[in-house]
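**Q** I'd like to ask you about the structure that follows.
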Amino acid sequence: MLFRSSQLRILGFTVFQATTASEAAAQAASRPFSAVFANVAFDGERDGGLGIAMCRTVKTVGQRHGTETLFVVVVSQGLSPMDRVRAELAGCDETLVQPVRRADIARVFDTRGIPLPYDPRRRSS
């Protein structure tokens, strides 16, 4: 399954969608976020560097507005080692290659100590 925002909703997160880097930056500036998942073609040849620009902009805007813990996750169909380095230099904290499973998303939050609002791995008795 390709990454879809519904995967975050199933885990109990509120999702705000943006289709451009400027929309994503405006969202980051308007309210505190724990994470930004960017589903992009993260290759300068395919996207003209927009993935890198979005990552850098959202991270900078989020930090300027007091969201020091904001982390940015880039989701892409393919990432070369150079793409990963460029993503990291632009402020991306994590990269996920599609197809993305809920377990991949849970791991990203687990490694940062952020509990899932709804965690299907933990069944109530």
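The values are calculated or read from the model by the stated rules, or taken from the named source; none is laboratory data. Quantities reported herein were computed from a predicted structural model and do not represent experimental measurements. Methodologically, a virtual Cβ is constructed for each residue, glycine included, from the backbone with ideal geometry; neighbour enumeration extends over all protein chains shown. Quick note on the areas: whole protein, heavy atoms, side chains included, nothing else; ligands and nucleic acids left out. Shrake-Rupley method; radii C 1.70, N 1.55, O 1.52, S 1.80 Å.
**Q** Suppose we keep only residues that are part of a loop (DSSP other than H, G, I, E, B) and of a type in the set (D, E, K, R) within the range 4-36. Which one would you say is nearest to VAL73 (Cα to Cα)?
**A** Across the range 4-36, the extreme among qualifying residues is ARG4.
**Q** Here's something else I'd like to know. When you check ALA87 against the structure, is it under 22 Å from THR19 (Cα atoms), modelled with pLDDT of 80 or more and assigned to a helix (DSSP H, G or I), yes or no?
**A** Judged against the criteria, ALA87 is a match.
**Q** Can you say whether PRO81 is modelled with pLDDT of 85 or more and in contact with a Leu (Cβ under 8 Å, 6 or more places away or on another chain), as far as the supplied structure shows?
**A** Working: modelled with pLDDT of 85 or more: yes; in contact with a Leu (Cβ under 8 Å, 6 or more places away or on another chain): no.
It is false that PRO81 is modelled with pLDDT of 85 or more and in contact with a Leu (Cβ under 8 Å, 6 or more places away or on another chain).
**Q** So which residues in the range 96-110 are open to solvent by 30 Å² or more (accessible area, probe 1.4 Å), within 22 Å of GLY51 (Cβ to Cβ) and either of a type outside the set (D, E, K, R) or part of a loop (DSSP other than H, G, I, E, B) (or both), if there are any at all?
**A** Across the range 96-110, the qualifying residues are VAL97, PRO99, ARG101.
**Q** Given the conditions (1) over 12 Å from ILE52 (Cα atoms); (2) touching a strand residue (DSSP E or B) at 6+ places or on another chain (Cβ under 8 Å), which single one is not true for ASP83?
**A** (1)
**Q** Could you list, in sequence order, the residues of the range 111-125 that are open to solvent by less than 30 Å² (accessible area, probe 1.4 Å) and either closer than 22 Å to LYS59 by Cβ or aliphatic (A, V, I, L, M) (or both)?
**A** Once the filter is applied, which keeps residues that are open to solvent by less than 30 Å² (accessible area, probe 1.4 Å) and either closer than 22 Å to LYS59 by Cβ or aliphatic (A, V, I, L, M) (or both), the range 111-125 yields only LEU116.
**Q** Any residue that is out of contact with any Gly (no Cβ under 8 Å at 6 or more places or on another chain) and either at pLDDT 85 or above or among the hydrophobic types (A, V, I, L, M, F, W, C) (or both) - is there at least one of those in the range 39-47?
**A** No: zero hits.
**Q** Before we move on, is CYS55 part of a loop (DSSP other than H, G, I, E, B), crowded, with 19+ Cβ neighbours inside 10 Å and modelled with pLDDT of 75 or more? Break it down into steps so the answer makes sense when it comes.
**A** Numbers: part of a loop (DSSP other than H, G, I, E, B): no; crowded, with 19+ Cβ neighbours inside 10 Å: yes; modelled with pLDDT of 75 or more: yes.
Answer is no for this residue.
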